[in-house]
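Each remark here refers to the structure printed beneath this line.
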There are 2 protein chains.
Amino acid sequence: MHKGIAAGDAPNTRVRHRKRNSDVGAGAGKSNGSHLLVNDTSKYKSFLVRAYSTLWMIGGFALIVYLGHLYITAMVVVIQIFMARELFNLLRKTHEDKHLPGFRLLNWHFFFTAMLFVYGRILSQRLVNTVTPDKVLYRLVTSLIKYHMAICYSLYLSGFVWFILTLKKKMYKYQFSQYAWTHMILIVVFTQSSFTVANIFEGIIWFLLPASLIVINDIFAYICGFFFGRTPLIKLSPKKTWEGFIGASITTVISAFLLANIMGRFLWLTCPREDLSTGWLHCDPGPLFKQETHALPGWISDLLPWKEITVLPVQWHALCFGLFASIIAPFGGFFASGFKRAFKIKDFGDSIPGHGGITDRMDCQMVMAVFAYIYHQSFVVPEVLSVDKLLDQIITNLPLEEQQALFMKLGQMLQEKLIGS
Amino acid sequence: MHKGIAAGDAPNTRVRHRKRNSDVGAGAGKSNGSHLLVNDTSKYKSFLVRAYSTLWMIGGFALIVYLGHLYITAMVVVIQIFMARELFNLLRKTHEDKHLPGFRLLNWHFFFTAMLFVYGRILSQRLVNTVTPDKVLYRLVTSLIKYHMAICYSLYLSGFVWFILTLKKKMYKYQFSQYAWTHMILIVVFTQSSFTVANIFEGIIWFLLPASLIVINDIFAYICGFFFGRTPLIKLSPKKTWEGFIGASITTVISAFLLANIMGRFLWLTCPREDLSTGWLHCDPGPLFKQETHALPGWISDLLPWKEITVLPVQWHALCFGLFASIIAPFGGFFASGFKRAFKIKDFGDSIPGHGGITDRMDCQMVMAVFAYIYHQSFVVPEVLSVDKLLDQIITNLPLEEQQALFMKLGQMLQEKLIGS
């Protein structure tokens, strides 16, 4: 039986290809000659399945973005739970688990502890801003936030002690490997999701633009590779080609520039959200989203019908996002491919027809979300400490008397300085 | 050959015992009868070796504490490098490494990236406070700090790409395991050290008291176990006994109460340090370190010659530290024991005669340092945002014009509020 060539209706057509091109060996590769990836009969079916589920995902995604920050966050959390489930199951051994009742529950104990910790940090100030009117609730929330770290640490410690007390002889190695694996998963999953959620609340565009660019890059790498792919790119993923990589890079950078111009026009996408409500957003979007008109150089205006172009400054940042999404982020995918080959896994799961597991789709998103956050914090937010931010801290966190005390002290200090200079 | 019983002069006497009590099996255990751990000829030699190196360590440690914050931090960094080296070597396979030139360098690349990230975060504000006088250096430092996260992320990404580009066929599994292992080590090592360093700068006492309590608990668990130990405590560490555990707990809680009273009298130990100099410290130590006099209840003052006792409020916090150090922190040790058994390692290293590797001595310290930090932040620092802290932020971070702008705005807002109420 030649599993690699027999076309079937199982969802993992993607895997079968890889198997054919690599595992079945050099013979199949050579017979394809220079048309390494172009001639392939089962490829078209795979293409359709994948295109169909991609469209569904994009549609659902657009609806969620329309609904707003809280819904997007909820989506991130759901994705995160699915990812964690896929990854937890990966190294699970049913035989060993039978002897360890409750051992898998421990994974989820750590998962929810990490969730409380990460989202508590990101969302606590916004939660305070949301519940202000009600005095009792307000006090409850602020004191919970005050002891947030202590609560999370106690929860973690209880898991830690639970783990040690349930260690079973002859299972040590399995249990410790699982413990380490759980921690690795939590780090990977929560790094991704926490940076994503932080981006969302800075303004949906800081989440939507990077995420879209990864999707665009994926789609065009697939399409360009599908129609023009000849030269294999990297041994780790035999289905990836240089043609796909370069075609996708060009498309992604151009898309980034154009998309930023479109997205930058909607307050819904550009305003940061300071609370956890889903109401309409009003804000001064700031200089990044104000149109600037640039005159085009003579030789371009001779060729094209325009004399000048209108650009939002955010588009220049978008170019950086485009470059990163097409050049560095794919390494997230290579990493996942390598990981799957190292541990002889076909896919991380089978949740999305034609795509594999959710984790398979999230590999590059993760690298991108972290980049977007750090880029935004380092190069977009002009000063970490601005007058308005400080003022906001003072007004929301200090009782009135202390605000007055601060005011008096600051006045004194300024007076001294001005006299001194 | 009965390796377990033959007395030798190798440093790992500790391991040999464990081997004897567990691996050699029930027979040896039974012949010892109820005097499970008391009768043992090679034990005395081990005791002397261990006592000798313990004294050396305590002496060196006292000198470093006397020298101050920067020296203690340097010590933490050195310990951390040794720990990382021990742990990196643990799962290293010489045969595989031969085929992967430069692969071990990658570990240290990640190590120094993590170091830059962690210490940059903790110490950046203090670095700014230290270099203020020189204008050029000040600008260099502040702009480096501004892009600190971006720099660290680029370094991390370059390591990530480097890893993927040097993946070698048939080595995938080894390389990915090493990658995961490196990350686990870095998390363990840097969690410990970053919390420790944060504690040091909050006031040396917040580092010294917890660290001392772990040492005291270790020593008294050893001594009490040595002289009275009969009942095994936990299967993971057959040398630990209930007698040692309970004896040590009592001693540790009492020591915590007394030590806090002594340490709380020195400004050198109680003042926080806001810069990176090593000069003398002056501060108002705050209410935690002001003596309070409590009258003793009648029945106690009948028995003892005192009518009242003088207590520093910090001593009540110290009791919590003592309880944690003797009840929860030992689980750090159990965890390390379990880990060593799971992977069939004798000790993490052999740097300290009689103790094993540095990592073997740091297992409980790690759990304790994290606790001390979180406890201090949650229950000792009364408000995360105090008037003085905010004022400090304003003065050091905003240019003069913005300070004035803030002052005016705050004044307006307060006026509106006062009129409103």
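Against the test of being among the acidic types (Asp, Glu) and within 24 Å of B:LEU167 (Cβ to Cβ), the options A:ASP302, A:ASP347 yield a single qualifying residue, A:ASP347. Filtering the stretch B:381-399 to residues that are at pLDDT 75 or above and either open to solvent by 20 Å² or more (accessible area, probe 1.4 Å) or within 25 Å of B:LYS346 (Cα to Cα) (or both) leaves only B:VAL381.
Across the stretch B:156-169, the number of residues qualifying as closer than 25 Å to A:VAL381 by Cβ and surrounded by 15 or more Cβ atoms within 10 Å (Cβ to Cβ) comes to 3.
Limited to the stretch B:88-116, what total is found for residues that are more than 25 Å from B:SER154 (Cα to Cα) and open to solvent by less than 50 Å² (accessible area, probe 1.4 Å)? Qualifying residue count, the stretch B:88-116: 3. Filtered by the rule that a residue be open to solvent by 70 Å² or more (accessible area, probe 1.4 Å), at the interface with chain B (Cβ under 9 Å from one of its Cβ atoms) and either of a type outside the set (Ser, Thr, Tyr) or part of a helix (DSSP H, G or I) (or both), the stretch A:134-150 gives a lone residue, A:LYS146.
Restricting the first member to the stretch A:328-350 and to residues that are at the interface with chain B (Cβ under 7 Å from one of its Cβ atoms) and more than 19 Å from B:GLN175 (Cα to Cα), and the second to residues that are of a type outside the set (S, T, N, Q) and assigned to a helix (DSSP H, G or I), the beta-carbon pairs closer than 7 Å and six or more apart or on different chains are A:ILE328/A:VAL367; A:ILE328/B:LEU157.
Residues in the stretch B:258-275 that are buried (at least 16 other Cβ atoms within 10 Å of the Cβ), without any contact (Cβ under 8 Å) to a residue 60 or more places away in the chain and not in a helix (DSSP H, G or I): 1 in all.
State the number of residues belonging to the stretch B:283-334 that are assigned to a helix (DSSP H, G or I) and either of a type in the set (Gly, Ala, Ser) or touching an Asp or Glu at 6+ places or on another chain (Cβ under 7 Å) (or both).
The number of residues fulfilling the criteria is 8.
Considering only residues of the stretch B:228-257 that are among the β-branched types (Val, Ile, Thr) and either surrounded by 20 or more Cβ atoms within 10 Å (Cβ to Cβ) or under 22 Å from B:ASP360 (Cβ atoms) (or both), which is modelled with the lowest pLDDT? Ranking the qualifying residues of the stretch B:228-257, first place goes to B:ILE234.
For the stretch A:80-110, residues that are part of a helix (DSSP H, G or I) and over 18 Å from the mean Cα position of the chain (by Cα) total 16.
From (1) within 14 Å of another protein chain (Cβ to nearest Cβ); (2) within 23 Å of B:GLN377 (Cβ to Cβ); (3) under 24 Å from the mean Cα position of the chain (by Cα), pick out the condition that doesn't hold for A:TYR153. With respect to (1) within 14 Å of another protein chain (Cβ to nearest Cβ); (2) within 23 Å of B:GLN377 (Cβ to Cβ); (3) under 24 Å from the mean Cα position of the chain (by Cα), A:TYR153 is out only on (3). Residue check: A:GLY203 meets all listed conditions (1) farther than 27 Å from A:THR54 by Cα; (2) not in a helix (DSSP H, G or I) but one, namely (1).
Working only within the stretch B:214-234, note down all residues that are of a type in the set (Val, Ile, Thr) and either outside the structural domain of B:GLY332 (by TED's automatic domain parsing) or not in a helix (DSSP H, G or I) (or both).
Filtering the stretch B:214-234 for residues of a type in the set (Val, Ile, Thr) gives B:214-216, B:219, B:223, B:231, B:234.
Once the filter is applied, which keeps residues that are of a type in the set (Val, Ile, Thr) and either outside the structural domain of B:GLY332 (by TED's automatic domain parsing) or not in a helix (DSSP H, G or I) (or both), the stretch B:214-234 yields B:THR231, B:ILE234.
A Cβ distance below 9 Å, combined with a sequence gap of six or more or placement on separate chains, defines the contacts here; from the stretch B:71-83, residues that are closer than 14 Å to B:PHE348 by Cβ reach residues that are open to solvent by 40 Å² or more (accessible area, probe 1.4 Å) in the pairs B:PHE82/B:SER351; B:MET83/B:VAL188. A count restricted to the stretch A:156-174 and to residues that are touching a residue at least 40 places away in the same chain (Cβ under 8 Å) and either aromatic (Phe, Trp, Tyr) or facing chain B (nearest Cβ under 7 Å) (or both) stands at 4. Among the residues of this structure, B:GLY356 counts as one that is of a type outside the set (S, T, N, Q), more than 11 Å from chain A (Cβ to nearest Cβ) and under 28 Å from B:MET83 (Cα atoms). A:CYS224 versus (1) surrounded by fewer than 20 Cβ atoms within 10 Å (Cβ to Cβ); (2) without any contact (Cβ under 8 Å) to a residue 40 or more places away in the chain: which is the lone unmet condition? With (1) surrounded by fewer than 20 Cβ atoms within 10 Å (Cβ to Cβ); (2) without any contact (Cβ under 8 Å) to a residue 40 or more places away in the chain applied to A:CYS224, the lone miss is (1).
Checking each residue of the stretch A:120-128 against the condition of being among the aliphatic types (A, V, I, L, M), free of Cβ contacts under 8 Å to residues at least 24 places away in the same chain and either in the same structural domain as A:MET362 (by TED's automatic domain parsing) or open to solvent by less than 80 Å² (accessible area, probe 1.4 Å) (or both) gives no match. From the list A:ALA295, A:ALA325, the lone residue that is at pLDDT 90 or above and either touching a Lys or Arg at 6+ places or on another chain (Cβ under 9 Å) or in the same structural domain as A:SER378 (by TED's automatic domain parsing) (or both) is A:ALA325.
The values are calculated or read from the model by the stated rules, or taken from the named source; none is laboratory data. Predicted, not measured: the structure shown is a model, and the values here were computed from it. Using ideal geometry, Cβ is built from the backbone for each residue, glycine included, and neighbour counts are taken over all protein chains shown. Heads up: the accessible areas ignore ligands, DNA and RNA and are worked out on the full protein's heavy atoms, side chains in. Shrake-Rupley method; radii C 1.70, N 1.55, O 1.52, S 1.80 Å.
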